[in-house]
Every structure is written in structure tokens, then in C-alpha cells.
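K.L.:
Mind having a look at this structure? Questions to follow.
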């Protein structure tokens with residue numbers, strides 16, 4: 001295979017990728033809406049409400065108060081992670097400006113990526129790191145929040161998948177920043 005033909009194959013793949021993703025998004029949406037069960041609506045709404053900012057801040061306040069040993073530091077790290085994650089999400093929302101599956105289209109309320117899913121996965125990283133015994137529960141809860149956004153027809157599949165990656169990446173980045181061993185859960189430990 002020559003360099004030119006290899007380049008053309010790669011270029012063709014890159015150019016067709018957005019169409020493939022869009023097709024997958026619409027197929028998944030169609031299937032979810034076709035199998036929509038009204039009895040699940042309250043459950044999915046409750047799951048999606050876990051991603052609301054007021055609920056998240058209340059949760060972090062609870063973490064800070066109920067776990068006096070490491071709660072405040074964990075809450076600070078989680079809050080920092082949410083800030084970085086949401087700055088990235090809001091920047092992409094405004095840059096991409098993808099309309100939601102249903103509802104009015106506004107640049108400030110664009111579909112891509114999902115803020116709820118990004119926040120849920122960022123918190124799953126932080127909480128799973130702090131409370132390792134409950135890690136699977138945190139990841140399942142984050143996945144449920146992300147799925148609820150699809151089920152309620154507020155986002156496409158690619159919106160929540162990219163959001164999950166953003167949330168995980170931002171949280172991991174903050175758990176490793178600055179890259180010294182004397183930093184734990186957002187607070188420098190005095191030597």
C-alpha cells in the first residue's frame with residue numbers, strides 16, 4: 001500500500017466518522033423512544049435530578065459534614081473537579097452548538113456534551129477513590145444518570161459518552177495535580 005492510498009483511506013474514514021456517529025445516535029434514540037415505558041419516567045427523572053447543581057452542592061456539603069476526617073478535603077476536590085469539568089462541558093456546548101433531541105434550541109443549552117453525565121462521572125472518580133468499598137455503586141449511579149439523559153430524550157448517545165470521558169479525565173487530572181505525593185484529596189499535607 002502506498003503512502004498516498006493509505007492517507008486517502010484514513011481521510012475517508014475520518015470524513016465518514018461523524019455521519020456514522022450521527023446515524024448511531026439517531027438509531028439508539030429511536031430504539032429507546034420505541035421501548036419507552038411510562039412507568040420508568042419517575043425513576044429516570046429522579047436519576048437525572050441527581051445531576052442538578054443544587055443537589056450536587058447539597059451532596060458535597062453532606063460529605064464535608066458527615067465525614068469529619070476526610071470529608072472536607074474530599075468535598076473540595078469534588079467541587080474543584082466539577083468546576084473544571086463544567087468549564088470544559090460549557091465550552092464545548094457553545095463551540096459545537098448541537099441541538100437537543102427535543103425542545104427549543106439555545107446555544108447556552110446545547111446537547112453536546114451532557115453536563116449531568118460529565119458531573120456524575122467526575123464525582124464517581126472522586127468518591128470511588130475515597131470510598132473504595134462503594135466504588136461499583138458510584139460507577140453504576142453515574143451510568144444511571146447518563147442513561148436517564150438518553151431515556152428522557154434530552155441527549156444523544158455520543159453526548160453522554162463524550163461527557164463521561166470528560167468527567168473522568170478532569171477528575172483524574174485533578175487527583176494527580178500537582179504531581180507530588182504530598183497532595184491528597186485537594187489539600188497539601190504538611191511534612
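Readers should treat all values here as calculations from the given coordinates under stated rules, not as data from a laboratory. Values in this document were obtained by computation on a predicted structure and should not be read as measured data. Note that we place each Cβ from the backbone using ideal geometry, even for glycine, and neighbour counts take in every protein chain shown.
K.L.:
So for the pair residue 165, residue 36, with labels modelled 7 Å out along Cα→Cβ, what separation do we get in nm?
P.N.:
In this crude spin-label approximation the distance works out to 2.8 nm.
K.L.:
For segment 39-188, what is the per residue volume of the convex hull drawn over the alpha-carbon atoms, in cubic angstrom?
P.N.:
It comes to 109 Å³ per residue, whole-number rounded.
K.L.:
For the peptides 35-42, 74-81, 48-55, what is the packing order when you average, over each peptide's residues, the other Cβ atoms within 10 Å and list the highest mean first?
P.N.:
74-81, 48-55, 35-42
K.L.:
At 0.36 nm per residue, and after removing the present C-alpha to C-alpha distance, how many nm does the segment from residue 27 to residue 133 gain when stretched out fully?
P.N.:
34.5 nm
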